[in-house]
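The values are calculated or read from the model by the stated rules, or taken from the named source; none is laboratory data. Model, not experiment: these values are computed from the prediction. FYI the Cβ positions are ideal-geometry reconstructions off the backbone, even for glycines, and counts take in every protein chain you see.
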């Protein structure tokens, strides 16, 4: 109440008392709301009882599924009769890994607990860390079901489809802003997210990308083409050389870009017959480019020209340009010879016998989840191998399941390497890393760091209704954070060093100070809502590092926080939160 | 000053510099000593050791800046002025720069194959065209990578800085993120993220706890050979050192007397040019300062004129101040954008993209001022994109890179191993010797 209320004149008293009444009413209502909110949120800090308040969440978010009958959707249902149970494939993949380790006489790391598994899979699939709310629910389900139910939970979450779509968008169109007006990257990424969420078979997704026509807003897949509009020469045509290089890297997992200018002389690119490969030729590249020579972009969108447009190139050593007709770089026996060049190409790319197509996306999905591809670099898979046996088992399964992406993600995330510790009692060498006998340690990428920081100061899950990246964008901080942190662009699976700028940003930057100081999602709230110092410490550890403090850590931090109260405790909570976010453990997926 | 030898770095010099690394704790004394070692005593002169890039993002019109053709059709009414270098004219509005022209040379018939901003910025900053399998380093990153001498160990602040970063600030590419330019903004504002969030006593406690956590994390991974050299706190130490360093003052121009600041112009770009000088003086190798807004597809003359008003006092004062501080001979200055603009005016009074004959200005670092390399025809045929028909003495953009690297004593044709296993030349161009002879 304002002081002037207390000194109001008698003739104002009637209206004043009404006003007082209404003010008091509002105050009481406000207090009630706050109390209810505080009690609700504080509940997460207590040990969770699944039988009462969060049973709906427990059921809907973490669906029960028995270990030998993992749920899968659309694509698998279509092919259900031809596909073996997923558990069988996971077992075969595991057996293949174990055989590799045995043959190479490699020791294998122990398995991690459910929280470590939840953290690494959340970072790999959704680009963030588990919330305290999620951890409480997870711990309420039977121990032997936790990993699998966590995976199902992630696959149902919009965060996952958005995060995975961004990874694939990088592979398909890169990160550049691209040509003005005719290219809409965010439409493209959202369209991909929708395909992933609905689990549209991957071959169909790629067919859309390769063959769709129309405008960049109404047919978002055509942004795959409009990104490559040649602004330098003729603004109506896409650049066939860009499309050839992109198609090969994105859908076949092969880098043939060097063939644009010359034949392969280093033995790096093999084409032709996978069983009897030959060195790549400059004509191989341009024969692929020729499939795109008739594709143009106008205000009506991406279209094919009515008349064939010959692809003319001056090959190295030639004095004049010559027409290069469309031809496929390998497995030409799968060429259906359709009249529309792009349809012909799409049919060949997605042909079930074109194994590089399946191999490419599985290798990429593996890299997304593990931070390290089965074959590196992620888009440079040799046509003739050698291929890791687990990869080939997954390729068989993927093709048999009619390109069910969610199923292959389940296999990738459920097989044994995903549960192995990144630490070991033995010396970890390159063979251990290459064969995934330990979980690969990977520095978090900028969007993972941003996602993890935002989630780490909140008790509740920041998900589709308030998606982390959207929220960050809303506050204008995500772009700045990722830009300052250094966006790795398309090469996001290449391990990079940490920079001084990154350290400064994490120690002193706005994003962290916003999380530490007073605010909706702030560590100050944790301090205020925690019943005691021990619970506060546990909460900070769980929200930031997704684990409980060790006995030693407990003793160390309790010594400085136990005796504190009020503001002092808040400050100490802020200090511990800052320490954990700046720790190496936070900055790595491990 | 003479700078006759293109190969400034001989083994002896490097050994001398290496010997000084032990003195690194003496910073900034060690910086001065190390930099002193870089003088080319044998040739009786100084040699360039730093680079300032004035980056005109959006692409300035050569016809209104460094390559005017007054009175011709392609000038479309824009005028030119005389300079203090006989026979050299500049676009109207560059009056102050004209007074420094005897220290500046122009390369007028530059060519590239990129007419799209994104691709062209990449091309001009790195000397390479975009390659889907590899990110090339910017020239500043190459210089910092190649000139790894005692100086690198004595400076607390980053050696590569981008002030007012634009769309694509200079980056380390395949050399690593540590060679990215450190990005800062208007030098009147504080540098981002270098102040601790809490007072010293709490910061001390935080850092002690952090050290404890990290040591525990490292101990658990000591047996991981894959992480050798990748998992340490080197950058934390460097960040803390920077936060406590007096050299941070070099970013700040707010305490510089107005008599020094005023001539640069009361603009963020002008202030940034002054900060660039301070940074070079503090031991920074490469500074990039961006002035955007040159993409004048509409109303070219007026919009270019507005940019020129900002550029002119800043560029001229930069040269003047570098001379005054005896830094011009040891600092190369380059001013230019990603391409030029069409010789004809479009329907909206604008000029479009033109990579087929554009200009940059170079000064300092032994560049003989008052020279013009290359010539563009005042009557190019519309639609003609064959440079040989209307350019004389043309140079591809990578030759500018070779020129700079060569003068800094870097073997520009040396091959570096890239992460994709392919050895790649530092630069594919050839030096433009006429700038120096």
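Mind checking whether some residue in region A:424-446 is within 16 Å of residue A:366 (Cα to Cα), within 14 Å of chain B (Cβ to nearest Cβ) and part of a helix (DSSP H, G or I)? Yes, region A:424-446 has at least one match.
Filtering region B:418-432 to residues that are away from chain A (no Cβ under 14 Å) and out of contact with any helix residue (DSSP H, G or I) (no Cβ under 8 Å at 6 or more places or on another chain) leaves only B:425. Pairs meeting the criteria (first residue in region A:214-237 and at positive phi, second residue part of a helix (DSSP H, G or I) and modelled with pLDDT of 90 or more, beta carbons under 9 Å, at least 6 apart or on different chains) are A:214/A:221; A:214/A:222.
Grab the helices (runs of 4 or more DSSP H) fully contained in region A:176-280, keeping just those with 2 or more residues being within 14 Å of chain B (Cβ to nearest Cβ). Working first, answer last.
Details: elements: A:185-197, A:202-211, A:223-226, A:240-252.
Those helices (runs of 4 or more DSSP H) span A:240-252.
Only one entry of B:73, B:116 meets the criterion of being at pLDDT below 95 and within 14 Å of chain A (Cβ to nearest Cβ), and that entry is B:116.
Please name all residue pairs, on different chains or six or more residues apart, with Cβ atoms under 6 Å, provided the first residue is in region A:316-340 and is touching a residue at least 60 places away in the same chain (Cβ under 8 Å) and assigned by TED's automatic domain parsing to the domain that holds residue A:285 and the second residue is surrounded by 13 or more Cβ atoms within 10 Å (Cβ to Cβ) and outside any loop (DSSP other than H, G, I, E, B). Partner pairs satisfying both residue conditions: A:329/A:271; A:329/A:284; A:329/A:288.
Comparison of B:163, B:142 shows that the only residue that is over 25 Å from residue B:252 (Cα atoms), buried (at least 23 other Cβ atoms within 10 Å of the Cβ) and more than 9 Å from chain A (Cβ to nearest Cβ) is B:142. Among the residues making up region A:295-312, a single one is at pLDDT 90 or above and either in the same structural domain as residue A:386 (by TED's automatic domain parsing) or assigned to a loop (DSSP other than H, G, I, E, B) (or both): A:310.
Taking region A:543-576 only, how many residues are facing chain B (nearest Cβ under 10 Å) and either within 20 Å of residue B:203 (Cα to Cα) or surrounded by fewer than 18 Cβ atoms within 10 Å (Cβ to Cβ) (or both)?
So in region A:543-576, the residues facing chain B (nearest Cβ under 10 Å) come out as A:545, A:550, A:552-553, A:556-557, A:560, A:571-572, A:574-576.
Keeping just the survivors that are either within 20 Å of residue B:203 (Cα to Cα) or surrounded by fewer than 18 Cβ atoms within 10 Å (Cβ to Cβ) (or both) gives A:550, A:552-553, A:556-557, A:560, A:571-572, A:574-576.
Final tally of qualifying residues: 11.
Taking the conditions (1) within 22 Å of the chain's Cα centre (by Cα); (2) at pLDDT 95 or above in turn, residue B:302 satisfies each one other than (1).
Taking the criterion of being more than 9 Å from chain A (Cβ to nearest Cβ), in a loop (DSSP other than H, G, I, E, B) and within 29 Å of residue A:107 (Cβ to Cβ), the residues of region B:191-228 that qualify are B:222, B:228. Going by the conditions given, is residue B:331 surrounded by fewer than 19 Cβ atoms within 10 Å (Cβ to Cβ) and touching a residue at least 24 places away in the same chain (Cβ under 8 Å)? Considered against the rule, which asks whether it is surrounded by fewer than 19 Cβ atoms within 10 Å (Cβ to Cβ) and touching a residue at least 24 places away in the same chain (Cβ under 8 Å), residue B:331 comes out as no.
Return yes when residue A:284 is outside any strand (DSSP E or B), at pLDDT 85 or above and surrounded by fewer than 19 Cβ atoms within 10 Å (Cβ to Cβ) and no when it is not. It would help to see each step written out before you state the result.
Details: outside any strand (DSSP E or B): yes; at pLDDT 85 or above: yes; surrounded by fewer than 19 Cβ atoms within 10 Å (Cβ to Cβ): no.
The answer is no for residue A:284.
The sole residue among A:129, A:141, A:137 that is farther than 19 Å from residue A:366 by Cβ and under 18 Å from the mean Cα position of the chain (by Cα) is A:129. Within region A:241-281, the only residue that satisfies the criterion of being modelled with pLDDT of 90 or more and either touching a strand residue (DSSP E or B) at 6+ places or on another chain (Cβ under 6 Å) or not assigned by TED's automatic domain parsing to the domain that holds residue A:312 (or both) is A:280.
Taking residue B:158, is it in a loop (DSSP other than H, G, I, E, B), in contact (Cβ under 8 Å) with a residue 60 or more places away in the chain, within 13 Å of chain A (Cβ to nearest Cβ) and surrounded by 24 or more Cβ atoms within 10 Å (Cβ to Cβ)?
Working: in a loop (DSSP other than H, G, I, E, B): yes; in contact (Cβ under 8 Å) with a residue 60 or more places away in the chain: yes; within 13 Å of chain A (Cβ to nearest Cβ): yes; surrounded by 24 or more Cβ atoms within 10 Å (Cβ to Cβ): yes.
So residue B:158 fits the description; yes.
Among the conditions (1) under 18 Å from the mean Cα position of the chain (by Cα); (2) modelled with pLDDT of 95 or more; (3) buried (at least 19 other Cβ atoms within 10 Å of the Cβ), residue A:163 misses just one, which is (2).
When residue B:278 is tested against (1) in contact with a helix residue (DSSP H, G or I) (Cβ under 6 Å, 6 or more places away or on another chain); (2) touching a residue at least 60 places away in the same chain (Cβ under 8 Å); (3) within 16 Å of residue B:330 (Cα to Cα), only condition (2) is not met. May I ask you to list the residues in region B:313-349 that are under 25 Å from residue B:123 (Cα atoms) and modelled with pLDDT of 95 or more? If the condition is that a residue be under 25 Å from residue B:123 (Cα atoms) and modelled with pLDDT of 95 or more, then B:315, B:331, B:332, B:333, B:334, B:335, B:336, B:337, B:338, B:339, B:340, B:341 are the ones that fit. Among the criteria (1) out of contact with any strand residue (DSSP E or B) (no Cβ under 8 Å at 6 or more places or on another chain); (2) farther than 25 Å from residue B:261 by Cβ, the one residue B:179 does not fulfil is (1).
In this structure, is residue B:236 in contact with a helix residue (DSSP H, G or I) (Cβ under 6 Å, 6 or more places away or on another chain), modelled with pLDDT under 95 and either on the phi > 0 side of the Ramachandran plot or facing another protein chain (nearest Cβ under 10 Å) (or both)? Please lay out each step first, then the result.
Numbers: in contact with a helix residue (DSSP H, G or I) (Cβ under 6 Å, 6 or more places away or on another chain): yes; modelled with pLDDT under 95: yes; either on the phi > 0 side of the Ramachandran plot or facing another protein chain (nearest Cβ under 10 Å) (or both): yes.
Yes; evaluated as a whole, the condition is true for this residue.
Just a yes or no: is a residue in region B:178-186 at the interface with chain A (Cβ under 9 Å from one of its Cβ atoms) and touching a residue at least 60 places away in the same chain (Cβ under 8 Å)? Looking through region B:178-186, none of the residues is at the interface with chain A (Cβ under 9 Å from one of its Cβ atoms) and touching a residue at least 60 places away in the same chain (Cβ under 8 Å).
Would you call residue A:454 outside the structural domain of residue A:98 (by TED's automatic domain parsing), closer than 20 Å to residue A:546 by Cα and at pLDDT 90 or above?
Details: outside the structural domain of residue A:98 (by TED's automatic domain parsing): yes; closer than 20 Å to residue A:546 by Cα: yes; at pLDDT 90 or above: no.
No.
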